[in-house]
Amino acid sequence: MAEAAHCAYCFESLAADLEGRKPLSFQSVQQLWIQYELLGEEAFEAVETDGDGVPRLGKVTEPDEDSFQEDQDNDESGLPPAHEQDLSTQPPTRSSGPLQLPSISRLQALSPVSASSASSTPSSSSATSSSVALAGNSKSSSNSSFFSLGRSEQPSPVAPVQLATEMHPLFVTWNTTSPRSRHRSLRGCIGTFDAQELQSGLKNYALTAAFHDTRFPPIAISELPTLSCSVTLLTNFTPCASALDWDLGTHGIKIAFAHHGRRYGATYLPDVAVEQGWTKEETMVSLMRKAGWSGRSREWRDVFEKGKGSVVRYEGEKASLGWEEWAEWRDWVADLEEK
């Protein structure tokens, strides 16, 4: 299933590219994210601090990261289409001494079996707005975020760490929120229906959606604090018996049809129609226009049927994360790296 850690890895990949540094690996991000959540409310009692209040944590070392693939498909949203492009861990325990977190190299050595032992801890899989103000990589910001976890009202178990080689069709979406109006708007969305390894696929499409969605200019480093990221893993692909054989809010749809000797195709993720407030018919008209058709709305069904149109429905597992929460986590990781 999609996890907030997947979004954190997308943020890590984008920020590292813009800052000209090497990103943490996929597995490192997943393991450190779980450690960050596990420390939640118990950290205040379990972690022994130095005189300045900084937790005594293990040193971080980062191994080499595998290269990623370069295969890409479509972008998905309620806007006009972009051009086609070819392009786990063991929970902390109380002891008489200070709590020591595993280093990244040790975390990566853990097997999925040991990783799945972490459970019943606060978890967040949606974008949140933190009350902690951003302050770069300052220790004050890091310390504040370290003791202000437990964001979910209801605790939920931490999912087992997913292998970097696990395969999924996926989409990465970047949204931006206006600092003044708080209005959220799409900033980039691209993905693929071909199954991708999570490590390479998430990084590849995070960067492609940020820099190569032809509807928008490339994301600049100054925009990072306004961003939120969503990752959607696609499942349960089913051919539809008719153009409307799918459910609003449950299914995404992928259409294909011919018109005047030309083939058209486009897709909407499961949440697009609901967010736009469309009916099924309105969704089909919008999607056909996204594919490039420019006829009259009332003619959509006739054009679709005469063009031997087909619809494939699918479901999506979605997770979202805002910049502020990612930045707090990254400050915490930076403190580990300094030890």
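The set of residues from the range 250-276 being among the small types (Gly, Ala, Ser) and in contact with a Pro (Cβ under 7 Å, 6 or more places away or on another chain) comprises Gly252, Ala266. Would you pick out the residues in the range 258-275 that are at negative phi and either out of contact with any strand residue (DSSP E or B) (no Cβ under 9 Å at 6 or more places or on another chain) or of a type in the set (Val, Ile, Thr) (or both)? Across the range 258-275, the qualifying residues are His259, Arg262, Thr267, Val272, Val274, Glu275. Scanning the range 181-203 for residues that are touching a strand residue (DSSP E or B) at 6+ places or on another chain (Cβ under 9 Å) and among the basic types (Lys, Arg) yields Arg184, Arg187.
Of the residues that make up the range 254-273, is at least one exposed (fewer than 13 other Cβ atoms within 10 Å of the Cβ) and within 21 Å of the chain's Cα centre (by Cα)? No, the range 254-273 has no match at all. Taking the criterion of being on the phi < 0 side of the Ramachandran plot and out of contact with any Phe, Trp or Tyr (no Cβ under 6 Å at 6 or more places or on another chain), the residues of the range 244-257 that qualify are Leu244, Asp245, Trp246, Asp247, Leu248, Thr250, His251, Lys254, Ile255, Ala256.
Throughout, read-outs are computed from the coordinates displayed, never taken from laboratory work. Predicted, not measured: the structure shown is a model, and the values here were computed from it. Every residue, glycine as well, gets a Cβ built from its backbone with ideal geometry; the counts of neighbours run over all protein chains shown.
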